[in-house]
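Report on the following structure.
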Amino acid sequence: GYDVSKLLKQTGAVTFDPGFMNTAATTSAITYIDGDAGILRYRGYPIDQLAEHSSFLEVSYLLIYGNLPTPSELEAFDQKIRRHTLLHEELKGFFNGFPRDAHPMPVLSSAVSALSTFYQDSLDPFDDEQVELSTIRLMAKLPVIAAYAHKKSIGQALLYPDNSMNLVENFMRLSFGLPAEPYELDPVMVKALDLLLILHADHEQNCSTSTVRLVGSSNANMFASVSAGINALFGPLHGGANEAVLNMLRQIQSSGMQPEDFMEKVKNKEAGVRLMGFGHRVYKNYDPRARIVKATAHEILSKLGGNDELLDIAMRLEEKALADDYFIERKLYPNVDFYTGLIYKAMGFPEKMFTVLFAIGRLPGWIAQWREMIKDPHTKIGRPRQLYTGELERQYPAR
Ligand code: ACO
């Protein structure tokens, strides 16, 4: 109801761009996306090549330091992370302060924020050694915090990290292992999780990453900035969609509805039903990450014994959508969340953990973007303008 051009004229040299649909807030050399062509590259390497040949640890190094590591650089990175997995005992006490049924995302963001209180020797954003130390601390400790948030929510004891394992293996053991019982790693599960983490590792200036940069632009430390990013990811329009897809597939299954009937409801916009896991602000073509997850979902689910009936429903929904004018005209394709929930579920994670898994994957991206922002001579404190629509001036009444 506002005359935007009039407000713009009143305010001076500003642009009005809600949702930042057309505003580049920064330059960046980390991740390249061509949404029309369905291309995603980290530091120039195509996502499908990284998914096939790399590991989450190597991709993290690539994003954070700019180049693929040599074998000895990768080994050193891995060892440093293994050495920093322990959480301060007092920080572990933190987990008892939350209600048993707390969602693990706010538990994760609170504990990451609390890292600023326990590790005060790595808070200076302009001291390279301290930045390096908080990088390693976050990479090592965030997955441990995530596993503890899960353990707490199911009422099980917290295990100490086992530093004979790498980051992903350790996370699996801390999530599913039991005290006094040897935990045997399932290589299929480790490989599947590693792949999904690679696919989530960075996605340029999305909502949580922009949040990390905005908070960091005030020179807030890396723990504080990443904690803010986790809270942004918690929102259902961002990281929460993977959980919603599974609920949708279950609903279709339990109602006995045919996928075709569900599609009709979506197209008729009945009660706001959307095909969850479809559509994307940037991709107007097949999300290249979804293509990779889809290709491996069958294989992984048959090995892990996942729910094939839900996968069949998902495949039928996709097949129908890709041939339907409604979806073709709007350029709606599956996004990364369409198939990931089925795999997380087959691994044994409860729905509430799905977005936490996304956060573990996105961590190296947040760190890389924060470090790029701090080093960028063009960085200024993030401070958007506004178009004021309130009362211009009023006199306080004499009483
Ligand atoms: N199902 C049905 N129709 C859809 C869907 C969908 N999933 N997504 C978009 N549309 C329709 C809209 O109704 C609209 O149609 P209209 O012009 O007739 O009103 C048109 O497509 C454009 O949609 P917008 O909402 O304007 O697109 P926007 O770029 O703002 O939203 C979003 C993108 C939020 C991802 C949207 O596609 C959506 O809600 N998808 C489902 C939720 C989801 O999967 N989110 C995960 C995103 S990926 C990630 O976070 C990793």
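A short reminder: the numbers here are calculations on the coordinates, not readings from a lab. Since this is a predicted model, take the numbers as computed values, not measurements. Positions of Cβ are generated from backbone atoms using ideal geometry, with glycine treated the same way; all protein chains shown enter the neighbour counts.
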- Query: Which of the lysines could a cross-linker bridge to Lys92, judged by Cα under 19 Å and excluding same-chain residues fewer than eight apart?
  - Reply: Lys141, Lys151, Lys152
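Can you tell me which of 281-288, 23-30, 173-180 comes out highest on packing, and rank the rest after it, using the mean Cβ neighbours within 10 Å?
Working: 281-288: 18.1, 23-30: 13.8, 173-180: 16.5.
Output ranking for 281-288, 23-30, 173-180: 281-288, 173-180, 23-30.
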- Take the alpha carbon atoms of the range 60-107, find their center, do the same for the range 246-311, and report the distance between the two centers in whole angstrom. 31 Å
- Classified through the alpha carbon gyration tensor (a ≥ b ≥ c as square roots of its eigenvalues; rounded if a/c is under 1.5, else prolate when a/b is larger than b/c, else oblate), the range 192-307 comes out prolate
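What does the highest-first list of 59-65, 34-40 look like by mean Cβ count within 10 Å?
Numbers: 59-65: 23.3, 34-40: 15.7.
The densest-packed peptide leads the list: 59-65, 34-40.
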- Excluding residues fewer than 8 positions from Lys303 in its own chain, the aspartates and glutamates with Cα under 14 Å of it are Asp186
- Query: Which residues' amide hydrogens lie under 5 Å from the amide hydrogen of His280, considering only partners 5 or more residues apart or on another chain, with H built in the peptide plane?
  - Reply: Tyr333
- Amide H to amide H, which residues 5 or more places from Arg43 or on other chains are under 5 Å from it, using H placed in the peptide plane? Thr31, Tyr32
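Dipole of the chain, Cα-centred, from +1 at each Lys and Arg C-beta and -1 at each Asp and Glu C-beta, to the nearest 20 debye?
Numbers: 41 positive and 48 negative charges, 239 e Å.
With Lys and Arg at +1 and Asp and Glu at -1, about 1140 debye.
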- Item | Sparsely packed GluC sites (Glu not before Pro) within the range 304-399, loop by DSSP, other Cβ within 10 Å at most 11 | Glu391, Glu393
- What are the ³J(HN,Hα) values, in whole Hz, obtained from phi via the Karplus relation 6.51 cos²θ - 1.76 cosθ + 1.60 with θ = phi - 60°, for each residue of the range 78-85 in sequence order, with x given for Gly and Pro? 4, 5, 4, 5, 4, 6, 10, 6
- Task: Report, ordered by chain and residue number, the lysines lying within cross-link reach of Lys269, taken as a straight Cα distance under 30 Å and ignoring same-chain residues fewer than 8 apart.
- Result: Lys284, Lys294, Lys320, Lys331, Lys345, Lys352
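Classify the range 16-97 as rounded, prolate or oblate, taking a ≥ b ≥ c as the square roots of the eigenvalues of its Cα gyration tensor: rounded when a/c is under 1.5, otherwise prolate if a/b is larger than b/c and oblate if not.
On the way: a/c = 2.68, a/b = 1.33, b/c = 2.01.
Because a/c hits 1.5 or more and a/b fails to exceed b/c, the range 16-97 counts as oblate.
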- Task: Work out how much length His53 to Ala37 would gain on full extension: take 0.36 nm times their residue separation and subtract the Cα-Cα distance, in nm to one decimal.
- Result: 3.5 nm
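Given charges of +1 on the Cβ of Lys and Arg and -1 on the Cβ of Asp and Glu, with all other atoms neutral, how large is the dipole of the range 8-68 about its Cα centre, in debye to the nearest 20?
On the way: 3 positive and 6 negative charges, 62 e Å.
Charge dipole of the range 8-68: 300 debye, to the nearest 20.
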